[in-house]
Ligand SMILES: Cc1ncc(COP(=O)(O)O)c(C=O)c1O
């Protein structure tokens, strides 16, 4: 019953936010577990979809004040960027960004070895060669000196990832990119709402990319966004998402680039607008919950929070909450910890992805069918190399706790009680 009423209740947010939050508090008492699930509605997503489905405009076209155009304005404002371009996914956003910035086959883009494999795949699908770099032990983010050592004559771009919404050190990476003449792409697919030295994540690079897919800060089923301050780049990107069509952006019926269908459907744009509306409050609640959890960690020896290059939960957007495990101090290892959490229904995963060079596609040499230009010996050496910190974080030191653990008081209490009993047994 309450579930049926929810769309009506969320409509209240626009009319009377205080009544809305009062009703949400009451509903939470009865639906704690459902509010602990994610994704969930952050505003009036159902109303937005109904409105779009009731209209005759389900696809993206231009200049008619459609949902995606309004979303682009709102999104650009929310991350402090001059332009936003709504697209079909974070991956296609990355491909489009590389092409729009002029990268060609044989050029290389450096990114961390343990980000989502989508990043390397997207780089390759743009015809560009991914070069992997290790991460830093303290932050679990890119190791800047390792990046520097991997820059070669073909390197044209650096991709900085705000892993799980933990902020990267963008001022340092931007200085490095500028000094070495590299384009800087900020992969904020997991990091909407994260803050870097007082500025929104995504607003530091030549372009910032975002995903609205699974496990992402806001979710629309699928979808993504590119932001940039460069107007001519924004026009090029809009052209690239329409199979390179130049008519709308440049007034000529022509195509000058190999391009994609990177369009976002109006239906998803409608959902994204509502998710974006409710996101600041949602993020505030998540940060408060993680902040409380951080205080309790003093009682769990060997477990500590990793906030990337920041010192405070207020800078992070927590697509996952990242923990460092010191096995010796804790008295249990990562395998035991993950098994125990899973057994007790607590969403958990690693703090980084399987290293991309460990995937069969790379290990088997199948990448050779697709990387046809550039310094192949150098690519082979990079692909076959070791990345000791990322390897250790994946095997032993890093753990991710799913956001759902922090979205209801019941889930938070359950997490703590399972950690308490593990800690007692570890100490025994
Ligand atoms: C860091 C990162 N970059 C890029 C992507 C690709 O986004 P999408 O799945 O929307 O293509 C993902 C997806 O999980 C991601 O986690």
- Burial ordering of 41, 141, fewest other beta-carbon atoms within 10 Å first: 41, 141
- Task: Using the Kirkwood radius over Cα pairs, work out the Stokes-Einstein diffusion coefficient for the range 165-243 at 10 °C and 1.306 mPa s, in µm²/s as a whole number.
- Result: 119 µm²/s
- Checked the range 111-174 against the a/c 1.5 cut and the a/b vs b/c comparison, axes a ≥ b ≥ c from its Cα gyration tensor; verdict oblate
- Item | Translational D in µm²/s for the range 346-428 (Stokes-Einstein at 20 °C, 1.002 mPa s, Kirkwood Rh from C-alpha pairs) | 133 µm²/s
- Task: Determine, from the Cβ-Cβ distance of residue 297 and residue 364 and an R0 of 60 Å, the FRET efficiency 1/(1 + (r/R0)^6), rounded to the nearest 0.05.
- Result: 0.90
- One checks the Cα atoms of the range 69-182 and finds Rg and Dmax, in Å, of 14.5, 43
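Rounded to whole Å and ordered largest first, report the semi-axes of the equivalent ellipsoid of the chain derived from its Cα gyration tensor (root of 5λ).
Ellipsoid half-lengths, sorted descending, are 34, 32, 17 Å.
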- Task: Pull out the extension gain between residue 180 and residue 257, defined as 0.36 nm times the separation in residues minus the alpha carbon to alpha carbon distance; nm, one decimal.
- Result: 25.1 nm
- Note on the structure: re the range 211-354: pairs of Cα atoms spaced beyond 27 Å account for a percent value of 45 percent
- Message: How much of the DSSP bridge set in the chain is antiparallel, in percent, rounded to the nearest 5?
- Response: 60 percent
- Rounded to the angstrom and largest first, Cα extents along the principal axes for the range 306-372 equal 46, 31, 25
- So for 161, 309, fewest C-beta neighbours within 10 Å to most, what's the order? 309, 161
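Ranked by Cβ crowding within 10 angstrom, fewest neighbours first, how are 58, 367, 164 ordered? Intermediate results must be reported in sequence, preceding the final value.
Working: 58 11, 367 20, 164 26.
Ascending Cβ contact count within 10 Å gives the list 58, 367, 164.
Where a number appears in this text, it was derived from the coordinates with a stated rule and is not lab data. Here the structure is a predicted model, which is why all the values come from computation and not from measurement. Please note: Cβ atoms are built from the backbone with ideal geometry, for glycine as well, and neighbour counts cover all protein chains shown.
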